[in-house]
1. Any residue that is in contact with a Phe, Trp or Tyr (Cβ under 6 Å, 6 or more places away or on another chain) and under 28 Å from HIS105 (Cβ atoms) - is there at least one of those in the range 430-442?
2. Taking VAL384 and the conditions (1) outside any loop (DSSP other than H, G, I, E, B); (2) within 15 Å of the ligand (Cβ to nearest atom), which numbered condition does it fall short on, given that it satisfies the others?
3. Conditions first: (1) surrounded by 18 or more Cβ atoms within 10 Å (Cβ to Cβ); (2) in the same structural domain as GLU408 (by TED's automatic domain parsing); (3) more than 8 Å from the ligand (Cβ to nearest atom); (4) in contact (Cβ under 8 Å) with a residue 40 or more places away in the chain. THR281 passes all but one, so which condition is the exception?
4. Could you list, in sequence order, the residues of the range 367-377 that are touching a Gly at 6+ places or on another chain (Cβ under 9 Å) and surrounded by fewer than 21 Cβ atoms within 10 Å (Cβ to Cβ)?
5. With the requirement that a residue be within 16 Å of the ligand (Cβ to nearest atom) and part of a loop (DSSP other than H, G, I, E, B), what does the range 185-214 give you?
6. Residues that are surrounded by fewer than 17 Cβ atoms within 10 Å (Cβ to Cβ) and either aliphatic (A, V, I, L, M) or in the same structural domain as ALA219 (by TED's automatic domain parsing) (or both): which strands (runs of 3 or more DSSP E) entirely in the range 390-481 hold 2 or more of them?
7. Among the residues of the range 306-325, is there at least one that is closer than 24 Å to VAL394 by Cβ and either within 24 Å of the chain's Cα centre (by Cα) or crowded, with 20+ Cβ neighbours inside 10 Å (or both)?
8. Can you tell which of VAL169, VAL141 is at pLDDT 95 or above, buried (at least 23 other Cβ atoms within 10 Å of the Cβ), out of contact with any Leu (no Cβ under 7 Å at 6 or more places or on another chain) and in a strand (DSSP E or B)?
Amino acid sequence: MPFNNLIGGEWVAGARYGHNLNPSDTADTIGEYAQADVTQLDAAVSAAQAAFPRWSTGSVQARSDTLDKIGSEILARREELGTLLAREEGKTRPEAIGEVTRAGHIFKFFAGECLRLSGETLPSVRPGVGVDITREPIGVVGLITPWNFPIAIPAWKIAPALAFGNCVVFKPADLVPASAWALAEIIHRSGLPAGVFNLVMGRGSVIGDPLVTHPGIVAVSFTGSTSVGHRIAMQCAEHGKKVQLEMGGKNPQVVLDDADLAQAVELSVQSAFFSTGQRCTASSRLIVTEGIYDRFIAAMKERMATLRVGDALAAGTDIGPAASQAQMEQDLMYVDVALGEGATLAAGGTAASCHTGSGNTGFFVTPTLLTDTAAGMRINREEVFGPLAAVIKVKDYEEALDVANNTEYGLSAGIATTSLKHATHFKRHVQSGMVMVNLPTAGVDYHVPFGGRKASSYGPREQGRYAQEFFTTVKTAYTAA
Ligand code: NAP
């Protein structure tokens, strides 16, 4: 059965269809998924515009109940949806179930947020006048998501958009339409009025520009690469639209001499290699002071030798495949780049051949540790998005902080230390939106703000109650007594 787009409450056949492949096993096709053209995009925006007046002024209780119902179904089906996600994206099944669980919790959180939207009442500077500040929905929003979190990122954009009374045109990444389609199907059956939520699967190169520049779209929330994000920011500025961008990272993990070695190794392995390093919050730069350096490298190599690379659905797999052949080739290309720059290959660095059910192999890369790297090398400046970590040896905490901040990105940063003084200083002075003390740089809560600084983010924060900043607009009302 082909999987179609959802436009105005109807499942609509695509202008064309794309194969959704399992990156663990290239003989396994998950399905044929519709790809919208510009005509279908127009229809989706029109449907959302038509639905907006009633949805934006309707019952808040109905909104809350609907989001709660969506969250409950996601949670009830977490194993099935997690299996689908692991099959199409390549993170391991336990990781995928964790992501689905997070998506369910996000919908339930925003079911509550519908009821908590508050304003302010102030005295006016003019006698006999009152001032009220309220938040209103912004209109029809365009949501564009990447392939690495195929259900959680859509959830953390769709749930607040709907909670605060907006209508949605959602474009997931073409590489991973199955989780997006499954989520859309749950949303469709939740009782939401037709047109409030629309799914337009398809390529960014075909419907990306028309979506962002469409006069019916008032705001765009995007997560993806920095290059596409910048393009969207310029288009939104030109067309006077609100924009929210979450983009790349080059996240530092500092390890100080006084760190608990076992803990430092475990959290570095976790955040550099789990989910195949395909997390915007992954630690790709391990910045290690010289007193612990040799012991840290030896312990990392020992721990990395225990990691099992394989089929995302197989029990016991620690690291699944890269999500696509192009991503695998990019990972291996960066190994060559690093070696060409003078790095030493301490572990991994190769394509791995892991035979899966059908006997076909997918896009596997061994977890890779590169030593003898310097902060200025390309391997430490450009986002790789694979299971690769480069180690930079530094003299002391001060140099570690300097190197950590020496990047155009600023999403997440971590420090492994037993020193309260250094932990406190690092939390204050590292230039990132999120900071972790003795925890992996990846792995965050769903009810607090998520986002970065510098080239990693632009616009208001996502998630938690801060999400209302983007998905509402403020009105100031003056009333004569
Ligand atoms: P990407 O290539 O930028 O694509 C992201 C989305 O944008 C996809 O849906 C893509 O569609 C679409 N797109 C492509 N060209 C477009 C255009 N001209 N106009 C509008 N949309 C367009 O990123 P990706 O490779 O999917 O994801 C990996 C990146 O996401 C990494 O850089 C990672 O750091 C970042 N990321 C950031 C966060 C965060 O919160 N900071 C979280 C996760 C991922 P198609 O794929 O269909 O072409």
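The values are calculated or read from the model by the stated rules, or taken from the named source; none is laboratory data. Fair warning: this is a prediction, and the values are worked out from it, not measured in the lab. No Cβ is skipped: glycine too gets one built from the backbone with ideal geometry, and neighbour counts run over all protein chains shown.
1. No, the range 430-442 contains no residue that is in contact with a Phe, Trp or Tyr (Cβ under 6 Å, 6 or more places away or on another chain) and under 28 Å from HIS105 (Cβ atoms).
2. (1)
3. (3)
4. Of everything in the range 367-377, those that are touching a Gly at 6+ places or on another chain (Cβ under 9 Å) and surrounded by fewer than 21 Cβ atoms within 10 Å (Cβ to Cβ) turn out to be ASP372, ALA374, MET377.
5. Passing the criteria: VAL200, MET201, GLY202, ARG203, HIS214.
6. Strands (runs of 3 or more DSSP E) meeting the threshold: 472-480.
7. Taking every residue of the range 306-325 in turn, none turns out to be closer than 24 Å to VAL394 by Cβ and either within 24 Å of the chain's Cα centre (by Cα) or crowded, with 20+ Cβ neighbours inside 10 Å (or both).
8. The match here is VAL141.
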